[in-house]
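The values are calculated or read from the model by the stated rules, or taken from the named source; none is laboratory data. Predicted model, so just to flag it, every value in this text is computed and none were measured. All Cβ positions, even for glycine, are placed from backbone atoms using ideal geometry, and neighbour counts span all protein chains on display.
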Amino acid sequence: MKKSKKAFIYRMVTDKHICPYGIKSKDLLEREGYEVEDHHLTTRDETDAFKKKHHVKTTPQTFIEDKRIGGYDDLQVYFGKADDKGDTTYAPVIAIFATTFLMALVSHFAGFKMMPSVIGNIIGLFVAYSMCMLAVQKLRDLDAFSMQFITYDILAMRWVRYSYIYPYAEAFAGIGMLAGAMLALLTAPMALVIGSIGAVSVIKAVYIDKRDLKCACVGGDSNVPLGAISLTENVMMVCMAIWMLSSLF
């Protein structure tokens, strides 16, 4: 019988702060086949005491076979998955041009007639274009977006891969809205699901847990506070998805 691989992680999880590097460290260990013993440091005093005991300056800290590996960056190096952040990348340019090309393509075939009334059509186009542009902002730097998104999204906190899928799903939903009935059956359910999860996540983090967080809606490393703006983004997605589905029947 093959002996299971086991790792121990110590990460900060308090009422007001959940360390994104801790979430990513746990996810990486699990994807590498490790059974993870997850220890939460629930107060600042407990965190400071842990750092003093192990002579470290930051958390999370991962231990494998009684050996301290270190933080998330150290863990990536350990598994040979370290990224060179200084590498030249065309990702932002590709994200912008690919999204706008698809927007132009479906708009041409759809004839810009999303709704029968002029005002309704303007509102529909505004929501669709907004979703596409917000998706482009996220796609410019997926790692940075993910690092911020997993601190409050209820699905991404449990399944980190969702934070990398979300921007593509949002772009696809926005482009599908521009396409109208051609893609409604594919994109409307997707927009309804991700919009609903997003709305619930914002309500829980901001209005129930009272956490002071930055919004990942315009990409990672933003200083936009999480709250009404992000909630509006998700509510718009839900409303448009419901309208698209209702218009099919």
Residue in the range 115-151 that is farthest from Ala241 (Cα to Cα), counting only those that are part of a loop (DSSP other than H, G, I, E, B) and in contact with an Asp or Glu (Cβ under 9 Å, 6 or more places away or on another chain): Asp141
When the residues of the range 132-174 are narrowed to those that are among the β-branched types (Val, Ile, Thr) and within 11 Å of the chain's Cα centre (by Cα), which ends up nearest to Ile203 (Cα to Cα)? Ile154
With respect to Phe145, is the statement that it is closer than 23 Å to Ile96 by Cα, surrounded by fewer than 17 Cβ atoms within 10 Å (Cβ to Cβ) and out of contact with any strand residue (DSSP E or B) (no Cβ under 6 Å at 6 or more places or on another chain) true? no
Can you report the number of residues in the range 7-36 which are part of a helix (DSSP H, G or I), under 20 Å from Val56 (Cα atoms) and either touching a helix residue (DSSP H, G or I) at 6+ places or on another chain (Cβ under 7 Å) or in the same structural domain as Ala156 (by TED's automatic domain parsing) (or both)? 4
Among the candidates Ala199, Ala205, residue that is more than 15 Å from Glu170 (Cβ to Cβ), assigned to a helix (DSSP H, G or I) and modelled with pLDDT of 90 or more: Ala205
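Residue-by-condition table, conditions (1) surrounded by fewer than 17 Cβ atoms within 10 Å (Cβ to Cβ); (2) assigned by TED's automatic domain parsing to the domain that holds Thr43; (3) at pLDDT below 90:
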residue	(1), (2), (3)
His54	yes, yes, no
Lys57	yes, yes, no
Thr62	no, yes, no
Glu65	yes, yes, yes
Arg68	yes, yes, no
Tyr72	no, yes, no
Asp84	yes, no, yes
Search the range 152-169 for residues being assigned to a helix (DSSP H, G or I) and either in contact with a Ser or Thr (Cβ under 8 Å, 6 or more places away or on another chain) or in the same structural domain as Gly22 (by TED's automatic domain parsing) (or both), and hand back the single one that is surrounded by the most Cβ atoms within 10 Å (Cβ to Cβ). Ser163
By residue number, the members of the range 212-229 that are aliphatic (A, V, I, L, M) and crowded, with 17+ Cβ neighbours inside 10 Å are Leu213, Ala216, Val218, Leu226
Which residues, counting only those in the range 37-77, are within 25 Å of the chain's Cα centre (by Cα), part of a helix (DSSP H, G or I) and either at positive phi or not charged (D, E, K, R) (or both)? Tyr72, Leu75, Gln76, Val77
Is it true that some residue in the range 170-185 is in the same structural domain as Leu213 (by TED's automatic domain parsing), out of contact with any helix residue (DSSP H, G or I) (no Cβ under 8 Å at 6 or more places or on another chain) and either surrounded by fewer than 22 Cβ atoms within 10 Å (Cβ to Cβ) or assigned to a helix (DSSP H, G or I) (or both)? yes
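Rundown of residues vs (1) free of Cβ contacts under 8 Å to residues at least 24 places away in the same chain; (2) farther than 22 Å from Met103 by Cβ; (3) out of contact with any Gly (no Cβ under 7 Å at 6 or more places or on another chain), yes/no style:
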| residue | (1), (2), (3) |
| --- | --- |
| Arg158 | yes, yes, yes |
| Ala169 | no, no, yes |
| Ile175 | no, no, yes |
| Pro189 | no, no, yes |
| Ile194 | no, no, yes |
| Gly198 | no, no, yes |
| Lys204 | no, yes, yes |
| Ala228 | yes, yes, yes |
| Leu231 | no, yes, yes |
